[in-house]
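Here's the structure, in structure tokens; my notes come after.
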């Protein structure tokens, strides 16, 4: 098995977008998988850990008006609810007004740098709004008094006003709440907002991948969490492989805390291979954490969290000699792409070719290569390494908010409308006009398929590792 990446490719998958007058789907094809081994790749998203959740829909909302050159449009504005995998509930607002939100879309907790918030100088003010408004402030009488709202606030007013204030910073939109109380709250929040730092993740493992030689402690992998403690799950084949998860003192670990260092203890005679560990905890996710979709669904920002299940995974790769890469990936909106990081703990240079450029990572060094992608471009990377290691990373690059000219739907309804492209149905929430359902509107809308095209990205390994007995 090659000690370098034997293949890395990107595929463009169909993305459904719904506009108020036209229904358009875009499909970009970027290459095919090349030279992959027979092993099944483990599929992951570009999440460094935390909560994963499923969109439930818009639950508490009012009405807002977007003012544009083409005219005014009424939309629903308010608070979403998501159910956490493993248990828990999240409340969120959206930070991309012109992008639709799909019912049942999968979301994962992510750093601002992997979303449009990373390049938004007002992102810290959005977090301030979240901390000082509904639902974090659920005493609506007090909130109304601070905002100077006469007659008080309903939950719908509070949710709509908060969402409108967020849109003014997340999308720099010219948007007003329809209700006078909600509009008064939005003005107060916008004018009062201060810059607040990005919150830490609920749970991450750093680094997410390590490598080394059998007989060594591979690591450390450091636990970062706001939970009081985490459980540590050893590799699934630990009983047969002999790989143990230990602390820096070499003693087995089944639990850890924030700041704990975790190591893979690989037997000295182990053949070339790899293993994963998972840590899990129950905690509240910090307000202001971003949630990105695994499909093309509107980016969310956390407004409230119940006690919820969070998890993170780290991997280890080992070999007796040759290049031994530890591989990980992360979306990087500042560079408009996905960062592929390789840490080489072997005794030979790890050499690979990316888009016609050869890269070499000397023994003991770590380097990152950025794969440039287009906005809204789904990707599908399979990265292979020694001992049959294959990791598959999938997602969609969502680094910018959309504007009205992009042809996307505007905001959301409380109930989704189904749309079918190529036989696949997606529940997508559309904008409301006067608070009414758009289902009759889209029932007779034609579907246009636009093939945009793309270029293949292939990462080919150059250095072969010796076969281990």
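Test residue 291 against the criterion of being more than 30 Å from residue 127 (Cβ to Cβ), assigned to a strand (DSSP E or B) and at pLDDT 95 or above, and give yes or no. No, not satisfied. Listed conditions (1) crowded, with 23+ Cβ neighbours inside 10 Å; (2) over 19 Å from the mean Cα position of the chain (by Cα); (3) modelled with pLDDT under 85 are all met by residue 382, apart from (2). Scan region 48-61 and tell me whether some residue there is within 17 Å of residue 201 (Cβ to Cβ) and modelled with pLDDT under 95. Yes. Exactly one residue out of 278, 317, 272, 254 is surrounded by 18 or more Cβ atoms within 10 Å (Cβ to Cβ) and in contact with a strand residue (DSSP E or B) (Cβ under 6 Å, 6 or more places away or on another chain), and it is 317. Screening residue 327 against (1) at pLDDT below 80; (2) under 24 Å from residue 205 (Cβ atoms) leaves a single unmet condition, (1).
For residues that are surrounded by 11 or more Cβ atoms within 10 Å (Cβ to Cβ) and more than 25 Å from residue 271 (Cβ to Cβ), scanning just region 227-251, find the one that is farthest from the chain's Cα centre (by Cα).
Step by step, filter region 227-251, then rank; the result is 248.
Restricting 104, 157, 195 to residues that are farther than 20 Å from residue 288 by Cβ and over 20 Å from the mean Cα position of the chain (by Cα) narrows the list to 157.
Has region 362-377 got any residue that is modelled with pLDDT under 90, in a loop (DSSP other than H, G, I, E, B), buried (at least 18 other Cβ atoms within 10 Å of the Cβ) and more than 15 Å from the chain's Cα centre (by Cα)? So far as region 362-377 goes, yes, one or more of its residues are modelled with pLDDT under 90, in a loop (DSSP other than H, G, I, E, B), buried (at least 18 other Cβ atoms within 10 Å of the Cβ) and more than 15 Å from the chain's Cα centre (by Cα). If you go through region 160-182 and pick out every residue that is part of a helix (DSSP H, G or I) and over 24 Å from the mean Cα position of the chain (by Cα), you end up with 5. Take residue 323 and tell me if it is out of contact with any helix residue (DSSP H, G or I) (no Cβ under 7 Å at 6 or more places or on another chain), over 30 Å from residue 99 (Cα atoms), in a loop (DSSP other than H, G, I, E, B) and touching a residue at least 24 places away in the same chain (Cβ under 8 Å). Yes, satisfied.
For region 57-132, the strands (runs of 3 or more DSSP E) that sit wholly inside it and include 3 or more residues that are touching a residue at least 40 places away in the same chain (Cβ under 8 Å), in contact with a helix residue (DSSP H, G or I) (Cβ under 7 Å, 6 or more places away or on another chain) and within 24 Å of residue 296 (Cβ to Cβ) are 71-84.
The values are calculated or read from the model by the stated rules, or taken from the named source; none is laboratory data. What you are looking at is a predicted structure, and each value in this text was computed from that prediction instead of being measured. Note that each Cβ is placed from the backbone with ideal geometry, even for glycine, and that neighbours are counted across all protein chains shown.
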